[in-house]
There are 2 protein chains.
Amino acid sequence: MNRPDPALLQPRKSPQQARSAATIEAIRQATIQVLLADGVGRLTTTRVAERAGVSVGTMYQYYPHKQALLFGIVEKQLLLIEEAMRGASDRLMGADLKTLAEGLAAAWLDAKTADIVSSRAIYGIAAEFDLSAPMGRAAKMMTEMFEALLASAPDARFADRGSVAFMLAALLGGTVRMVMEADPTDANLERLRVELPRACHAYLAAARI
Amino acid sequence: MNRPDPALLQPRKSPQQARSAATIEAIRQATIQVLLADGVGRLTTTRVAERAGVSVGTMYQYYPHKQALLFGIVEKQLLLIEEAMRGASDRLMGADLKTLAEGLAAAWLDAKTADIVSSRAIYGIAAEFDLSAPMGRAAKMMTEMFEALLASAPDARFADRGSVAFMLAALLGGTVRMVMEADPTDANLERLRVELPRACHAYLAAARI
DNA sequence: ACCTGAACACCGTTCAAGT
DNA sequence: ACCTGAACACCGTTCAAGT
């Protein structure tokens, strides 16, 4: 799948009348319903349009292509996670290194496992579409957030704070994703809950000067 | 995309005559060529068959569906990486914890960045297909390998060696994948080269009893 | 301003017919 | 034993015609 022009991933036109706003929302809901009921593999434009009670032509008036439907869902999920991490960041600002590392690991795991149904759906989408653009943006934001947190820790200084924040973001995001995609059993998630905070703290402590 | 029956991912029939063995190899090569020249999004069964110089019908005699073509490529790449890690494992057996952690991190990074072209192609496939089955298998094998290595380290014992090996595999695999998918610039790969060994060693040292 | 749905181009897969 | 390629079912997307 080729990378779509990001500008094309939002609805094409803003609703001018109440009628079309309702149409957009109906299409959104229909996409989620078809996704959860039939899976990504069975999600077709016809099926979504039918479920939404509109014609395919109408759907294409608001969403330029099938990808736009699915990216909408992904973006919303990423927004939820971002919100959760901002909350954690506020709580952890100024905390010592151990509290910070363990707090971030716990918050990340909570956010990723909170809505397991949605997460499953998202990974399904990720399996069929190129999500490097939205994922890249999310990673960058996380890195900046971590960098500010590291700067606020009273008991730590770093030779290269940017690199440490970058590594922490990659470690957190990558490790959890790997487990959730490869084999997300309860036993493995429990292992993560024990080992991930430990790994984060150990790394930050080792990087400190 | 629905998860395909793993039994169907290998070629359908074994070649009985030299002619058909040549056909299979021609199809394999054509798949790689189309993949590198046109990308996953433009890879169609017709195009591969044309490039291989056979009809679509012939192709379907050996590969039950389009996915089988691509899974073949992925499996080969995974095999190469596995081989590289086995080599590293042999070298590192009995080494102390620091040597072991840093050696594994370096070997993993080397394997993943060695053939950057193939890796790119693989991530392209990963973006369009559900690779949880082969990835899960690869993760399991890596965990077992790491567990044996940890047992051989003369300067370390662990309360739960299985969990530590599991976490190390997820950390290594996940962190590198995240960076390579989100933003694999030279600067970021260099950061990984510095921070990843450090993170691995710090985690193992912290997990030691 | 918004909606319809037949029509178009293309794709993955099959199978009767060939050598 | 192996190969062919027209045919089939289905998909994403468009656009002339409607209200």
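The values are calculated or read from the model by the stated rules, or taken from the named source; none is laboratory data. Since this is a predicted model, take the numbers as computed values, not measurements. All Cβ positions, glycine included, derive from the backbone under ideal geometry; neighbour counts span all protein chains shown.
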Test result for B:Leu192, over 18 Å from the mean Cα position of the chain (by Cα) and assigned to a helix (DSSP H, G or I): yes
Helices (runs of 4 or more DSSP H) completely within segment B:32-137 that count 1 or more residues being away from DNA strand C (no atom under 16 Å from the Cβ) and either among the acidic types (Asp, Glu) or surrounded by fewer than 17 Cβ atoms within 10 Å (Cβ to Cβ) (or both): B:66-92, B:97-114, B:116-128
Within segment A:33-46, tally of residues that are more than 14 Å from chain B (Cβ to nearest Cβ) and at pLDDT 90 or above: 4
Among residues of segment A:155-193, those that are more than 8 Å from chain B (Cβ to nearest Cβ), closer than 16 Å to A:Ala206 by Cα and surrounded by fewer than 24 Cβ atoms within 10 Å (Cβ to Cβ), counted: 9
Per-region count, segment B:160-193, residues touching a residue at least 24 places away in the same chain (Cβ under 8 Å) and in contact with a strand residue (DSSP E or B) (Cβ under 9 Å, 6 or more places away or on another chain): 1
Given (1) more than 7 Å from chain A (Cβ to nearest Cβ); (2) more than 23 Å from the chain's Cα centre (by Cα), index of the condition B:Tyr203 fails: (1)
